[in-house]
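Reading through the structure tokens given below for one structure.
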Amino acid sequence: MEFILKKDIPYFSDCEPLVENSGFKLVDLNVFKRQDSWQVKAVIKGEKGVSVKDCASIHRILQARLEAILSSQDVVMEVSSPGINRVIKRSTELFAFKGEQAEIWDSAITEWRRGILKEVTEKNVTLTVNDTDIVIPYENIKKARCNL
């Protein structure tokens, strides 16, 4: 897995503070142009889960901001929770799951490691397994799942 900075994900830095001010974490954001409209997929996470009402609230907040940034009224948006057993697609998603259960396929030992996601840095993640901290560099992470 390659480490990606949040600032390198288009519009993430514009949207993350709005989501956090509403009491949620922005797990992932994809903004792309499809024909004549913009498609937006946002994944949010809350301490007590995410309800349909929460998704609708974040939808309204992000929709207004992205319409202004993109200079378009044609913004089609989907806001969802990460779901159970979230397959991690980008390294930036790991920050939202710090302190929680995670499974990481470590290519150095060719098996899954399961534990608490203790630390996430630009170089590696630290997983606590049976009271032992295991540092796994991103180049050794082939797959990861959180929200177990």
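What follows is calculated from the coordinates using simple rules that are stated; it is not laboratory data. Source: prediction; values computed, not measured. Here the Cβ positions follow ideal geometry from the backbone for every residue, glycine too, while neighbour counts run over all protein chains shown.
Charge dipole (Cα centre; +1 on Lys/Arg Cβ, -1 on Asp/Glu Cβ; no other charges) of the chain amounts to roughly 260 debye. For Val27, the residues whose modelled amide H falls within less than 5 Å of its own, excluding neighbours fewer than 5 places apart on the same chain, are Val43, Ile44, Lys45.
As a calculated quantity, the FRET efficiency between Glu2 and Gln73 at R0 = 25 Å, using C-beta atoms, amounts to about 0.10.
Gain on full extension, evaluated as 0.36 nm per residue between Lys123 and Ile61 minus their Cα-Cα distance, stands at 19.0 nm.
Going by average Cβ neighbours within 10 Å, how do the peptides 94-103, 120-129, 32-41 rank, with the highest at the top?
Details: 94-103: 17.9, 120-129: 16.2, 32-41: 12.5.
Put in order of decreasing packing, that is 94-103, 120-129, 32-41.
The angle separating the long axis of helix 12-21 from the principal Cα axis of greatest extent in the chain is about 90 degrees. Dividing the helix sum by the residues of the chain, where each DSSP H run of 4 or more adds -39500 (n - 2.57), gives a mean residue ellipticity at 222 nm of -6500 deg cm²/dmol.
Return the sequence-ordered ³J(HN,Hα) values of segment 57-70 in whole Hz as given by the Karplus equation 6.51 cos²θ - 1.76 cosθ + 1.60 applied to θ = phi - 60°, using x for Gly and Pro. In residue order, the calculated couplings are 5, 5, 4, 4, 5, 5, 4, 4, 5, 5, 4, 5, 5, 7 Hz. How many percent of DSSP beta bridges within segment 1-78 run antiparallel, rounded to 5? The answer is about 70 percent antiparallel. Between amide H atoms placed 1.01 Å from N, distances below 5 Å from Arg113 occur with Ile104, Trp105, Asp106, all of them 5 or more places distant or on a separate chain. FRET efficiency for the pair Ile109 and Phe32, taken as 1/(1 + (r/R0)^6) with r the Cβ-Cβ distance and R0 = 35 Å, rounds to 0.45. Quick check: from the Cα gyration tensor, does segment 86-146 come out rounded (a/c under 1.5), prolate or oblate? Because its axes are fairly even, with a/c under 1.5, segment 86-146 counts as rounded.
Residues in segment 115-122 carry Karplus couplings, in order, of x, 8, 6, 7, 9, 10, 10, 6 Hz; the curve used is 6.51 cos²θ - 1.76 cosθ + 1.60 with θ = phi - 60°, and Gly or Pro positions show x.
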